[in-house]
Amino acid sequence: MTTPVSSSDHRNDQQVKRQIQRMTRRSFAVGAVAAVGGLAGWGWLTTRPDDEAIPWPLRRMLRWNEQVSRGYFRPTRLAPTFSQDIARMPRVNGHIGLDGRFDPAAWRLRLENTAGAKPLALTLQDIQALPRVDTVVELKCIEGWSDPVRWTGARMSDLVAKFGRATRSGRAIDLEHTASDLFRYVMLSTPDAAYYVGLDIESALHPQTLLCYEMNGEPLTPGHGAPLRLAIPVKYGIKNIKRIGTIRFTDERPADYWAERGYDWYAGH
């Protein structure tokens, strides 16, 4: 048995249909305006003069991002740490500077500055003799993924405390009393100089910035940067350079591989 449809129900159905039609037309109009506006905006953006390889509005936004990141950075602000049982092997991203002809036995870490101090050539054993640090922190990629990784190595601050090169005067570092004596930046590059990153001195000497020789309890593999790589959890993965060959302290903002290709130089998070 069917239930007859009343005239009031019919009128309600018609009202609903008209409302849906109005909403559909309105949504289409709004979407069309947004699409035209987006295309116009993109056309305007792509015709702006470049500033360091990208249109100046994008570069200005990156500099604003850097100001914000610098504003909340603190040496005492630590990245979250995790238990070892959730650590996993991250994907191998990036092979620049990892020449297959590399001889690990001949590797040395060159430590230098621009004040004329004599460069040092350090072995892996020199790095391993420094206080050993074992921690699990996230490796965050600008592509959007992240992995908790167990890193083992030596703090960058312990390296320069023992071997120097971070101060203009040559004196030992004292972050509380001789900050003005510190160089402003650090440049790190692979042995063949194919990949290079620049860091602000505050991030380089952050207590969680490590020169790592082990990952998840095992020596680094060639694909992950053996014999020594950087783990700096206050920066995105593009700064975590593999197979470090040179560390240079300087007052001039160093070149950076991905910053030269339009990415954020500071790369903090």
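Every read-out reported here was derived from the displayed coordinates using simple, explicitly stated rules and does not represent laboratory data. Keep in mind the model is a prediction, meaning the values are calculated, not measured. Don't worry about glycine lacking a Cβ; one is built from the backbone with ideal geometry, like all the others, and counts go over all protein chains shown.
Below, the figures for the structure above:
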{"item": "Matching residues, segment 201-237, being of a type in the set (S, T, N, Q), over 30 Å from Ala179 (Cα atoms) and in contact (Cβ under 8 Å) with a residue 24 or more places away in the chain", "result": "Asn216"}
{"item": "Some residue of segment 212-223 being within 13 Å of the chain's Cα centre (by Cα) and surrounded by 17 or more Cβ atoms within 10 Å (Cβ to Cβ)", "result": "no"}
{"item": "Index of the failed condition, Val137 passing every other in (1) of a type in the set (A, V, I, L, M, F, W, C); (2) within 18 Å of Leu188 (Cβ to Cβ); (3) assigned to a strand (DSSP E or B)", "result": "(2)"}
{"item": "Matching entry among Val136, Val149, Val186 (being under 25 Å from Trp258 (Cβ atoms) and touching a helix residue (DSSP H, G or I) at 6+ places or on another chain (Cβ under 9 Å))", "result": "Val186"}
{"item": "Residue ID - nearest to the chain's Cα centre (by Cα), chosen from residues in segment 120-133 that are under 15 Å from Ser157 (Cα atoms) and in contact (Cβ under 8 Å) with a residue 60 or more places away in the chain", "result": "Val133"}
{"item": "Positions within segment 235-255 being touching a Ser or Thr at 6+ places or on another chain (Cβ under 9 Å), assigned to a loop (DSSP other than H, G, I, E, B), buried (at least 23 other Cβ atoms within 10 Å of the Cβ) and not basic (Lys, Arg), in sequence order", "result": "Ile241, Ile244"}
{"item": "Flag for Gly94 being on the phi > 0 side of the Ramachandran plot, part of a loop (DSSP other than H, G, I, E, B) and surrounded by 12 or more Cβ atoms within 10 Å (Cβ to Cβ)", "result": "yes"}
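Rundown of residues vs (1) outside any loop (DSSP other than H, G, I, E, B); (2) surrounded by fewer than 18 Cβ atoms within 10 Å (Cβ to Cβ); (3) in contact with a strand residue (DSSP E or B) (Cβ under 7 Å, 6 or more places away or on another chain), yes/no style:
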| position | (1), (2), (3) |
| --- | --- |
| Arg150 | yes, no, yes |
| Asp158 | yes, no, no |
| Ile173 | no, no, yes |
| Met187 | yes, no, yes |
| Asp192 | no, yes, no |
